[in-house]
Amino acid sequence: MSFFEIIDPAFGTFVLGNAPVKQIATGFDWVEGPVWFGDLNCLLFSDIPNNRIMRWIPGVGISVFREPSNFSNGHTRDRQGRLVSCEHGGRRVTRTEFDGSITVIADSYQGKRLNSPNDVVVTSDGAIWFSDPHYGIATDYEGYRSEQQLPCNVYRVDPSGTMQAVLTDFHCPNGLAFSRDEKKLYVADTGRIHSGDPQHIRVFNVDENWRLSGGGVFHVISPGCADGMRLDSDGNLWSSAADGVHCIAPDGHLMGKILVPETVSNLCFGGRGKHRLFITATTSVYAISLNRSGAL
Ligand code: MG
């Protein structure tokens, strides 16, 4: 059994011949939002339909971290290490403070409620960037069916709290990731539910004032679509797909795949050398050690 597929020979140096894709937890309904806490030696992830955030500790196993979670989806950590979360149920982005209290980062824009924040990243200036598609309010499965008040935008909340819609021409923006030098921003568009919308990853140039330009199609994932994604330390983009995790070079070509037996929603790097890829995939979480390190 092979755990990967090499398309560009260079990808052969990214993988380890004897390292398995290992199922580390299962029994969930739709897992998302993996985030690694090296300081706590644990992985957090969302089990969205079951309205909870789970915690996996190596050698210990699974426990509930937060329930209810307001149907949380994507997570990241800010530059102080605090957990930043997207919540479908609360239609908001929150930060968990060191004392456990919750601070609301954003829940409305120009007097209208957000849809259902999906994925989030924090840049080196402390700004919080998140996507706001309608998936969490379209049905009762991953939140509460509700009326959509805003287009599906990408927002930036700067450290002073000022919020701006920075990308407004998406059908449904989803995963987002910055290159290590923060000169490029990758954003997946996964399209509206029950539509024929295009599904692809777009790339934007980021200037010194965090303004975005460009936005052409960077890569079209097949099979499936790009949901969550992360970069490695050499600028390769690792994206979710229906058959696993795809590794895409900075020029946009597919280098290889990590094959996963369930549809992948998201991923993150973690572990001792940031060399372990944690993969949330439908009912399970998988992990594989790589000869590669995550950018963050
Ligand atoms: Mg997502």
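The values are calculated or read from the model by the stated rules, or taken from the named source; none is laboratory data. Here the structure is a predicted model, which is why all the values come from computation and not from measurement. Glycine gets a Cβ as well: all are built from the backbone with ideal geometry, and neighbour counts include every protein chain shown. Protein only, heavy atoms only, side chains kept; ligands, DNA and RNA dropped before computing areas. Shrake-Rupley method; radii C 1.70, N 1.55, O 1.52, S 1.80 Å.
Observations, loosely collected:
- Residue tally, condition more than 16 Å from the ligand (Cβ to nearest atom) and assigned to a strand (DSSP E or B), over region 21-39: 7
- For region 115-127, a tally of residues being assigned to a loop (DSSP other than H, G, I, E, B), away from the ligand (no atom under 14 Å from the Cβ) and within 18 Å of LYS184 (Cβ to Cβ) returns 4.
- The number of residues in region 261-295 being open to solvent by 10 Å² or more (accessible area, probe 1.4 Å) and outside any strand (DSSP E or B) comes to 14.
- Answer residue from region 183-201, given it is out of contact with any Lys or Arg (no Cβ under 9 Å at 6 or more places or on another chain) and among the small types (Gly, Ala, Ser) and is nearest to ILE221 (Cα to Cα) among those: GLY191
- The residues in region 133-181 that are within 16 Å of the ligand (Cβ to nearest atom), acidic (Asp, Glu) and within 21 Å of THR123 (Cβ to Cβ) can be counted, and the count is 0.
- THR94 assigned to a strand (DSSP E or B) and more than 15 Å from the ligand (Cβ to nearest atom): yes
- Of all residues in region 120-157, exactly one satisfies the criterion of being at positive phi and in contact with a Pro (Cβ under 7 Å, 6 or more places away or on another chain), namely GLY126.
- The single condition among (1) open to solvent by 20 Å² or more (accessible area, probe 1.4 Å); (2) closer than 18 Å to VAL285 by Cβ; (3) of a type in the set (D, E, K, R) that ASP119 does not satisfy is (1).
- Scanning region 40-76 for residues that are closer than 20 Å to GLY100 by Cα, of a type in the set (A, V, I, L, M) and within 16 Å of the ligand (Cβ to nearest atom) yields LEU44, ILE53.
- Filter result for ARG79 (basic (Lys, Arg), away from the ligand (no atom under 16 Å from the Cβ) and assigned to a loop (DSSP other than H, G, I, E, B)): yes
- Residue count, region 122-133 (criterion: open to solvent by 40 Å² or more (accessible area, probe 1.4 Å) and either small (Gly, Ala, Ser) or touching a Leu at 6+ places or on another chain (Cβ under 8 Å) (or both)): 1
- Subset of region 18-38 that is over 20 Å from PHE269 (Cβ atoms) and not β-branched (Val, Ile, Thr) - its residue that is farthest from the chain's Cα centre (by Cα): GLY27
- Test for LEU254: is it more than 22 Å from THR76 (Cβ to Cβ) and aliphatic (A, V, I, L, M): yes
- Residue selected from region 201-222 under the condition more than 15 Å from VAL154 (Cβ to Cβ) and either modelled with pLDDT under 95 or under 16 Å from the mean Cα position of the chain (by Cα) (or both), by the criterion least open to solvent (accessible area, probe 1.4 Å): ILE221
- Complete set of residues in region 240-260 that are small (Gly, Ala, Ser) and not in a strand (DSSP E or B): ALA242, ALA249, GLY252
- Of all residue pairs spaced 6 or more apart or on separate chains, those with beta-carbon atoms under 8 Å, a first member in region 207-220 that is touching a residue at least 12 places away in the same chain (Cβ under 8 Å) and a second member that is open to solvent by less than 50 Å² (accessible area, probe 1.4 Å) and small (Gly, Ala, Ser) are TRP210/ALA127; PHE218/GLY252; HIS219/ALA226; HIS219/SER239; HIS219/GLY252.
- Qualifying positions in region 60-113 - touching a Ser or Thr at 6+ places or on another chain (Cβ under 9 Å), touching a residue at least 40 places away in the same chain (Cβ under 8 Å) and surrounded by fewer than 14 Cβ atoms within 10 Å (Cβ to Cβ): ARG79
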